[in-house]
Amino acid sequence: MNGVVLRVEGLTKFYGPVRALHDLTLSVRRGEVYGFLGPNGAGKTTTVSLILGLIRPTAGRIELLGHDTRRGRRKVLRRVGAIVERPAFYPHLSGADNLRVAAWELGGVPEVRITQLLERVGLADRADDKVKGYSTGMVQRLGLAAALLNEPELLFLDEPTSGLDPAGQAEIRALIRELAEEGVTVFLCSHLLHEVEQVCHRVGILNKGELIAEGAVEELLRRKEVIQVRVADLERAAALLRRLAWVQGVRREDDRLLVEAPIARSAEVNAALARQGLYASEIRPLETTLEAFFLQVTQEEADNGS
Amino acid sequence: MVRNLRVELLKLRKRWLSWIVLLILVSSAIILPGMLLAILKMGDRLPGAQPMPPAIAAQLEQALLLPDGVGFLLSLIGGSNGMGMLLFVILAGVSVGNEYTWRTVRASLVRGRGRWDFLLTKLVAILLLMGVGFLLTMAVGIPYLGLLTAASRGQLDLSFLTASFVGEVLLGVLRTGYALVPYILLAMLLAVVGRSPWIGVGVTLAYALLVEGMALQLLVLVGRPWSQLYRFSLGGNVTGLMAANPGGQALAGGELGGMDALLNLPSANQAALVLALYSLLFLAGMLVAFQRQEITP
């Protein structure tokens, strides 16, 4: 992984008085799978639409595959594949004809590539059927095939597993991993956190148009290390632990305390409690998932906002 | 451009609407003259019919049969409220508007297709289909009128069939197609601005059939200056241009022209210029609107 294929600086978008995106800065490195997370309405599709030139930014700069998109965007887009929001096709054309339309628009795509991709996404036997008869999952697969026609260097996927059954979702995730191994950079917009956790190297979390966290998945999870403590007198224990300089926060959840502190200091937590006659029945690191991290940071943002 | 024209032609070729448009156009060239001639022949034998003055009946018959019938065919496929206008406005509005409703416009632009290229190739594809439709209609309609002429007059005098007549017919087809371009562009412009096929088709047809076809023509009865408005409308200039077609004078300005005869229509050259200005205006409006448009989810 070297070189930056996408660099966004200070990207801002207003729709009239409504701020959809505020001062977004991020970069995606060649060969990585970048997860772009956010609740519905966070600004994920707006960001992708801005990068691909479907809408104009109010402010900010976008560099795509080393080119400033204010000049020569069309040429650069020929090296990019994308599904924005949902795949869109002509319902009266067959799957193969829809890919043919896409291939002709891109230019330089051999006919054999259409057949290969239809096979790769499992639609070879339905290639001549009209798209209006396809299921949501089939349309999603055809969308992926269309996005891969030009063997893109950078692939934008917006909720690519939406509408697929669990087996189909697993296949798409496997395909994304394969593409990453082949050197394709993937920018994956999703609200399915387990999906992102499974396939992404780095993630950015967008909330209300602002990037609130960004980094490698493991690094982000480390940022929110939590020790779970069970003790008889929860109130006293919480007050005591809050006084420790290296404890970032303590909250009560049912019959336990969740202590935000480095896992490596679990023994010191135990010792501090014991010195005050509080004997813990259980002290163990709490496994933080990306989902828990996501919910926590978006909640913190909401609390700060209010 | 050529590559993308291939894309647009594939989309049109694989669409039922294109074939329906061609079918209606060609079949109307068979059904309408035959039906009108039958009504004319049956004359006052029809229940409740008033006897038609023989001079008018003869003039009508002449307008339907060869060689003047070519003008009738051209006014059928073209004209400000002809079948061709109706069909190609629908095809143009739907072709552009559906790109929004199907969200395929977004997919095309994301593949690096230029915005102007997107609309211009679509326009060229529609005009090519229109050209094919018109030539096909004439190729079917003229021999059919020949049969009707032979059946009606007992013989078919082909002395009119000279090189200059064929040239006039081809020029008439070109003139008729040219006259429809502003309507097609208006439908495309409105479909782009409204991001919907129904706005493109509905507003254009409402304008052509209600505003031009009725309101502006009725203003003629009010007197100047209102009576002059029709002269500057699309319809007024289309009718002025179509009058230059073979047999067109009889339909547009003669006794059969009805209201048109009262309208003091512009000359063919003047009309061609005004229609070019309308076309440029709609084309520029469409390209600028699309270039500035944000393609939102």
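The values are calculated or read from the model by the stated rules, or taken from the named source; none is laboratory data. Only a predicted model underlies this, so the values are computations on that prediction, with no experimental measurement involved. As a convention, Cβ positions derive from the backbone with ideal geometry for all residues, glycine included, and neighbour counts pool all protein chains shown. The area values use the complete protein model at the heavy-atom level, side chains included, leaving out ligands, DNA and RNA. Shrake-Rupley method; radii C 1.70, N 1.55, O 1.52, S 1.80 Å.
In Å², what does the accessible area per residue of the range A:84-240 work out to with a 1.4 Å probe? If you can, show how the numbers build up before the last one.
Working: 5970 Å² over 157 residues.
Solvent-accessible surface per residue comes out at 38 Å².
In nm, to one decimal, how far is the B:Leu147 label point from the B:Leu273 one, both placed 7 Å along Cα→Cβ?
The answer from the label model is 4.5 nm.
Going by amide H atoms built from the backbone, whose H comes under 5 Å of the H on A:Cys189, apart from near neighbours?
Distant-sequence amide H within range of A:Cys189: A:Phe36, A:Leu157, A:Asp158, A:Glu159.
Sum up the charges of everything whose Cβ sits under 10 Å from the Cβ of B:Arg103, counting Lys and Arg as +1 and Asp and Glu as -1, but leave B:Arg103 out.
Spelling it out: positives minus negatives among the neighbours equals 0.
Looking at the range A:123-215, send over the antiparallel percent of its DSSP beta bridges, to the nearest 5.
Antiparallel bridges make up about 50 percent of those DSSP assigns within the range A:123-215.
Any idea what the dipole of the range A:164-284 comes to, in debye rounded to 20, about its Cα centre with Lys/Arg Cβ at +1 and Asp/Glu Cβ at -1?
So the dipole magnitude of the range A:164-284 works out to roughly 840 debye.
Using a simple spin-label model with points 7 Å from Cα along the Cα→Cβ vector, what separation in nm is obtained for B:Arg6 and A:Glu178?
Output for this residue pair reads 2.8 nm.
Please list 3J(HN,Hα) in residue order for the range A:251-259, calculated via the Karplus relation 6.51 cos²θ - 1.76 cosθ + 1.60 where θ = phi - 60°; whole Hz, with x for glycine and proline.
9, 9, 9, 6, 9, 9, 10, 10, 9
Can you work out the Karplus-derived ³J(HN,Hα) for every residue in the range B:114-126? Use 6.51 cos²θ - 1.76 cosθ + 1.60 with θ = phi - 60°, whole Hz, and x for glycine or proline.
Values per residue, Gly and Pro as x: x, 5, 5, 4, 4, 7, 5, 5, 5, 4, 4, 4, 5 Hz.
Can you pull out the buried accessible area for chains A and B, both sides counted, probe 1.4 Å, rounded to the nearest 100 Å²?
Rounded to the nearest hundred, the buried surface is 3000 Å².
Which angle between 0 and 90 degrees, to the nearest 10, do you get for helix B:268-292 versus the longest principal axis of chain B when only C-alpha atoms count?
20 degrees
Consider just the alpha-carbon atoms of chain B and return their Rg together with their Dmax, both in angstrom.
20.5, 66
Could I have the simple spin-label model distance between B:Gln291 and A:Arg284, label points 7 Å from Cα toward Cβ, reported in nm to one decimal?
6.6 nm
Would you mind working out the magnitude of the charge dipole of the protein assembly as shown relative to its Cα centre, with +1 at each Lys and Arg C-beta and -1 at each Asp and Glu C-beta, to the nearest 20 Debye?
On the way: 60 positive and 54 negative charges, 194 e Å.
Roughly 940 debye for the protein assembly as shown.
Using the heavy atoms of the protein chains and a 1.4 angstrom probe, tell me the accessible area per residue for chain B in square angstrom.
With the other protein chains kept in place, chain B gives 44 Å² per residue.
Just round it to a whole percent: the fraction of Cα-Cα distances in the range A:3-86 exceeding 22 Å.
20 percent
Counting only other chains, what is the mean number of Cβ atoms within 10 angstrom of the Cβ of each residue in peptide B:111-121?
That works out to 4 on average.
Using only C-alpha atoms and all pairs of different ones, pull out the Kirkwood radius for chain A in Å with one decimal. The partial results should precede the final answer.
On the way: mean 1/r = 0.0462 Å⁻¹.
Answer for chain A: a Kirkwood hydrodynamic radius of 21.6 Å.
Rounded to the nearest 10 degrees, what's the angle between the helix A:95-106 long axis and the longest principal axis of chain A, both from Cα atoms, 0 to 90?
90 degrees
Which of the trypsin sites (Lys or Arg not before Pro) found in the range A:229-285 are loop residues per DSSP with 14 or fewer other Cβ atoms within 10 Å of their Cβ?
Within the range A:229-285, the qualifying trypsin sites (Lys or Arg not before Pro) (loop, at most 14 other Cβ atoms within 10 Å) are A:Arg243.
Starting from the Cα of B:Asp157, move 7 Å in the Cα-to-Cβ direction to define the label point; list residues of the range B:51-92 whose amide nitrogen is under 11 Å from there.
Only B:67 pass the distance filter.
Among A:Leu24, A:Leu234, A:Leu273, which residue has its Cα furthest toward the positive end of the charge dipole of chain A, with +1 on Lys/Arg Cβ and -1 on Asp/Glu Cβ?
Among A:Leu24, A:Leu234, A:Leu273, the one farthest towards the positive end of the dipole of chain A is A:Leu24.
What is the dipole size for the range A:1-127, taken about its Cα centre, with +1 at each Lys and Arg Cβ and -1 at each Asp and Glu Cβ, in debye to the nearest 20?
Details: 20 positive and 11 negative charges, 86 e Å.
Computed charge dipole of the range A:1-127: roughly 420 debye.
Chymotrypsin sites (Phe, Trp or Tyr not before Pro), restricted to the range B:129-165: which are DSSP loop and have at most 12 other Cβ atoms within 10 Å?
none
So for the range B:57-201, Kirkwood radius off the Cα pairs, Stokes-Einstein at 25 °C and 0.890 mPa s: how many µm² s⁻¹? The partial results should precede the final answer.
Values: Rh = 17.0 Å.
For these conditions, the coefficient is 145 µm²/s.
Work out how much length A:Ala216 to A:Leu295 would gain on full extension: take 0.36 nm times their residue separation and subtract the Cα-Cα distance, in nm to one decimal.
Result: 26.7 nm gained on full extension.
If you take the charge dipole of the range A:46-194 about its Cα centre, with +1 on Lys and Arg Cβ and -1 on Asp and Glu Cβ, which of A:Leu77, A:Leu93, A:Leu148 is farthest toward its positive end?
Of the candidates, A:Leu77 comes out farthest on the positive side.
In the protein assembly as shown, carbon and sulfur make up what percent of the accessible area (probe 1.4 Å)?
Summing carbon and sulfur atoms, their accessible area is 59 percent of the total for the protein assembly as shown.
Dividing the alpha-carbon Rg of the range A:45-112 by 2.2 N^0.38 Å yields what?
So the range A:45-112 has a normalised radius of gyration of 1.29.
Which percentage, to the nearest 5, of the DSSP beta bridges contained in the protein assembly as shown is antiparallel?
Close to 65 percent.
Going Cα to Cα from A:Lys130, which lysines come in below 21 Å? Please leave out same-chain ones fewer than 8 positions away.
B:Lys11, B:Lys14
With the contact rule set at Cα under 8 Å and sequence spacing of 6 or more, what percent relative contact order holds for chain A?
Relative contact order, chain A: 19 percent.
Give me the mean projected area, in nm² to one decimal, of the convex hull enclosing the Cα positions of the protein assembly as shown.
Computing the convex hull of the Cα atoms and averaging its projections yields 38.3 nm².
Under the Karplus relation 6.51 cos²θ - 1.76 cosθ + 1.60, θ = phi - 60°, what is the ordered set of whole-Hz ³J(HN,Hα) values for the range B:209-216, x standing for Gly and Pro?
Each residue of the range B:209-216 in turn: 8, 8, 5, 7, x, 10, 4, 5 Hz.
Checking the a/c ratio against 1.5 first, then a/b against b/c, what shape does the Cα gyration tensor give for the range B:1-103?
Values: a/c = 3.59, a/b = 2.79, b/c = 1.29.
Note, shape of the range B:1-103 comes out prolate.
Over the Cα atoms, compute the radius of gyration (one decimal) and Dmax (the largest Cα-Cα distance, rounded to a whole number) for the range A:176-306, in Å.
Rg, Dmax (Cα atoms, Å): 17.9, 58.
In terms of the Cα gyration tensor, with a ≥ b ≥ c the square roots of its eigenvalues, is the range A:75-169 rounded because a/c is under 1.5, prolate because a/b exceeds b/c, or oblate?
It comes out oblate by the Cα gyration axes.
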